[in-house]
Amino acid sequence: MKKEDLSKYIPVSVILLLILISFLMIKNFLIPLISAFILAYLLKPVYDKLKVSLPQGISAIICILIVVTLIFAPLIGLISGIVSQASGSLNSGILFSFLKKASETTVFQTLNLDLSLLMNKTIEFLISILTNITLHIPSFIIATVITSFGMYYLLIDWKPFTKKLIKYLPSTDKEALAKDISKITKNLIYGTLLVALVEFIIALAGFWISGVQYFLLLPAIIAIFAFIPGFGPLIVWFPLLIIELIQQNYFTAIGVLITGLILSLGVDIIFRAKISGRGAKTHPLIILVGILGGISLFGIFGFIIGPLILSYAIEILEEIAEGQ
């Protein structure tokens, strides 16, 4: 190889090496950093109003406290509630009582299932969940700190940061592409948060009236699953319906069925369609694939990050195709 050719490849190799090293350094913090960007984007209007009368640093700190109050505190409460109720079910014998009733049903007897084996497997599953949650507490604290710091500096330096980001967009009309991406983000995040709030209120009222034991915890889980169009509420209320039917709580089962149909048909399909129609509509299949792929790649927070990244990628590819 000639020296001239070698001199061409050396700078490229150095750049690729630096990119690889940089990626390896930050790969464990990608989720907190992406989360910081999304949260900073959502709270930018609040920050702009606060900094009119307050210093930039204090305005950013207030925005972080809003996130902690509205997102992290309820999330911690939800996790602690799941842990408490799971351990309570193990200690109080509720789980054994439910499985014993289930073993008396025709389906259970037809399948010839072993009650003791099923009981042991269920206990092992619950214990593994409790163990995983406990082990992930330190990493969750670190991720929260990184997300908070990321939000702080992104809010303060939002304009120079977004200018640099827009400069790297692969499009002839970078500003238009940036606006389209912004529209997708607002529609996906704000629309889903509104759907989640409506689903939580309806599920809370319906489960409370029906006499569901965990009438506060289950609606919170439904609100989290609101990011999955068409299947979100169904993941929670349908198993609950089966459980209530096995326990012969027919009044509660009817209430759960009515609430579930309102959630899945009225809110998750009709109401979501109206909300999506007001902005940049993202196809439900893109959201579903983005959630599944996002969770496998980014973990639990992938159900938010995944659909956004997939939507951004499709928008950029469409812009490139139109420009050619």
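Here are a few things to note about the model shown:
- Every residue from region 203-213 that is buried (at least 20 other Cβ atoms within 10 Å of the Cβ), among the hydrophobic types (A, V, I, L, M, F, W, C) and assigned to a helix (DSSP H, G or I): Ala203, Phe207
- Scanning region 282-318 for residues that are at pLDDT below 70, among the hydroxyl-bearing types (Ser, Thr, Tyr) and part of a helix (DSSP H, G or I) yields one hit, Ser296.
- Condition met for Gly279 (outside any helix (DSSP H, G or I), at pLDDT below 75 and either more than 30 Å from Lys27 (Cβ to Cβ) or in the same structural domain as Lys179 (by TED's automatic domain parsing) (or both)): yes
- Elements of type helices (runs of 4 or more DSSP H) in region 217-275, at least 1 residues being assigned by TED's automatic domain parsing to the domain that holds Val198 and hydroxyl-bearing (Ser, Thr, Tyr): 250-261
The values are calculated or read from the model by the stated rules, or taken from the named source; none is laboratory data. Keep in mind it's a predicted model, so treat the numbers as computed, not measured. FYI the Cβ positions are ideal-geometry reconstructions off the backbone, even for glycines, and counts take in every protein chain you see.
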